[in-house]
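Asker: Take this structure, written in structure tokens, and hold onto it; I'll ask about it next.
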Amino acid sequence: MTVNREILEELCSHLLGELTPEQVANMERLVATRPDIRAAVQNLGMMMQILGSNDTTEPPRAVKDRAKSLLGSAQRELAASVDRAGEGIARYVARLVHDSFASRPVGLRGAAAARMMLFECDIAEIDVQVQTSPNEVTGTHTIMGQIGLVETEPLPVRLLIERAESGDSLEILTDHAGMFTVELQPGTYSIRCVLGDEREMIVHGITIP
């Protein structure tokens, strides 16, 4: 069963604490009876961890705005995940486990030449390096990375990169060592890593200031 746009929007509001008590009760009933909605909650929850804040009482407005700006991309990924489940495609959402800029406010440029991030899931990990200084001519930032697979040898991996703000996307292929390089404009991106063996890894929340 497909999780429609209205339910996904309400799920996001639920995770952000914006629902009324009656709406929360209705959502909890849906989660209890719909396995597809439970899966959507888990995936959105992982995405929200990337947008986490040190504020323990109320998510700041900036975090909420960023979450909602990413919702369009997340909705497409979640809906596709449910729709394609019957095709036997296993999809994993990677979690951020290291960020060299973690102690700095999100989006703040620093003196470091690059921002290093590591994302992991059960089947793979992806190292991402974002050059903080843009190309003086094109205004793009160089993004370099490498995908490491847990159980199989490195192989070319198809990457689908989508910009959250505009929905623009591009497709690239890693080399046989899982390495890639791409030039991107400032924005927030997600990367879908298609492994070619009916498995995919999704990375959300790569921000280029």
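Asker: Quick one: is ARG34 modelled with pLDDT under 60 and surrounded by fewer than 17 Cβ atoms within 10 Å (Cβ to Cβ)?
Answerer: no
Asker: Out of the stretch 169-184, which residues are open to solvent by 30 Å² or more (accessible area, probe 1.4 Å) and modelled with pLDDT of 90 or more?
Answerer: SER169, LEU170, GLU171, ILE172, LEU173, ASP175, MET179, THR181, GLU183
Asker: Then there's this: Among the numbered conditions (1) outside any strand (DSSP E or B); (2) in contact (Cβ under 8 Å) with a residue 12 or more places away in the chain; (3) not aliphatic (A, V, I, L, M), tell me where GLY148 comes up short.
Answerer: That leaves (1) as the condition not met.
For every residue, the table says whether it meets (1) under 18 Å from the mean Cα position of the chain (by Cα); (2) of a type outside the set (Lys, Arg); (3) more than 14 Å from VAL93 (Cα to Cα).
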| residue | (1), (2), (3) |
| --- | --- |
| PRO134 | no, yes, yes |
| THR140 | no, yes, yes |
| GLY148 | yes, yes, yes |
| ASP168 | yes, yes, yes |
| ILE172 | yes, yes, yes |
| MET179 | no, yes, yes |
| ILE191 | yes, yes, no |
| VAL203 | yes, yes, no |
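Asker: Give me the pairs, please: first residue somewhere in the stretch 168-188 and touching a residue at least 60 places away in the same chain (Cβ under 8 Å), second residue anywhere and open to solvent by less than 90 Å² (accessible area, probe 1.4 Å), beta-carbon distance under 6 Å, and either six or more positions apart or on two chains.
Answerer: Hits for this filter: THR188/ALA164; THR188/THR207.
Asker: Condition first: open to solvent by 10 Å² or more (accessible area, probe 1.4 Å) and part of a strand (DSSP E or B). Now tell me which residues in the stretch 192-204 satisfy that.
Answerer: Within the stretch 192-204, ARG192, VAL194, ARG199, HIS204 meet the criteria.
Asker: (1) at pLDDT below 90; (2) open to solvent by less than 20 Å² (accessible area, probe 1.4 Å): which one isn't true of GLU153, the others all being true?
Answerer: Single failed check for GLU153: (2).
Asker: Among the residues of the stretch 159-166, is there at least one that is on the phi > 0 side of the Ramachandran plot and surrounded by fewer than 18 Cβ atoms within 10 Å (Cβ to Cβ)?
Answerer: Within the stretch 159-166, not a single residue is on the phi > 0 side of the Ramachandran plot and surrounded by fewer than 18 Cβ atoms within 10 Å (Cβ to Cβ).
Asker: Select, from GLU183, GLU162, the only residue that is in a strand (DSSP E or B) and within 22 Å of ARG91 (Cβ to Cβ).
Answerer: It is GLU162.
The rows are residues; the columns are (1) surrounded by 14 or more Cβ atoms within 10 Å (Cβ to Cβ); (2) at pLDDT 90 or above; (3) part of a strand (DSSP E or B).
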residue	(1), (2), (3)
ALA39	yes, no, no
PRO59	yes, no, no
GLN75	yes, no, no
VAL82	yes, no, no
ALA112	no, no, no
LEU118	yes, yes, yes
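The values are calculated or read from the model by the stated rules, or taken from the named source; none is laboratory data. Remember, it's a predicted structure, so these values are computed and weren't measured experimentally. Neighbour counts are summed over all protein chains in view; Cβ atoms, including those assigned to glycine, are modelled from backbone coordinates with ideal geometry. Calculation scope for accessible area: heavy atoms of the full protein, side chains included, ligands and nucleic acids excluded. Shrake-Rupley method; radii C 1.70, N 1.55, O 1.52, S 1.80 Å.
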